[in-house]
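Note sheet for the following structure.
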Amino acid sequence: MRLSKQLKVNIKIDMDYKLILKLKDAGFPIEDNRGLIGEPTLSELIKECDKLDGFGQLGRAAGGWNVWQLGIREPKVFGETPEEAVAKLWLELNKK
């Protein structure tokens, strides 16, 4: 007799997969110990930006979110979600 289980997984991804791959390619630590790529949390994104002395603040904007770089008056990047906006900030800071 052969038993099989069907596992249903419902994963909500707030970030575009292309952006996740850009983070990975730029060196963002998003692989687990099995080599699987996951979506970074907002906390993880902010922590990594802080390592680059770059995260200033996050604020709601029309249609999405703005992120300010530390010490800069104007918003640095915009994203549809907080995670997307902070991920884009990390990519900008990592260019330098």
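The values are calculated or read from the model by the stated rules, or taken from the named source; none is laboratory data. It should be emphasised that the depicted structure is a prediction, and the values quoted were computed from it without experimental measurement. With ideal geometry, Cβ positions are generated from the backbone for all residues, glycine too; neighbour counts draw on all protein chains shown.
Below, the figures for the structure above:
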quantity	calculated
Any hit, segment 48-66, residues being within 12 Å of Leu19 (Cβ to Cβ) and in contact with a helix residue (DSSP H, G or I) (Cβ under 6 Å, 6 or more places away or on another chain)	no
One residue from Lys8, Lys12, Lys22 being closer than 17 Å to Asn94 by Cα and either outside any loop (DSSP other than H, G, I, E, B) or modelled with pLDDT under 95 (or both)	Lys22
Failed item, numbered, when Glu44 is tested on (1) assigned to a strand (DSSP E or B); (2) surrounded by 13 or more Cβ atoms within 10 Å (Cβ to Cβ); (3) not aliphatic (A, V, I, L, M)	(1)
Positions within segment 56-92 being assigned to a loop (DSSP other than H, G, I, E, B) and more than 22 Å from Asp25 (Cβ to Cβ), in sequence order	Ala62, Gly63, Leu70, Gly71, Ile72, Arg73, Glu74, Pro75
Residue match in segment 59-67 (condition: under 13 Å from the mean Cα position of the chain (by Cα), among the polar types (S, T, N, Q) and surrounded by 13 or more Cβ atoms within 10 Å (Cβ to Cβ))	no
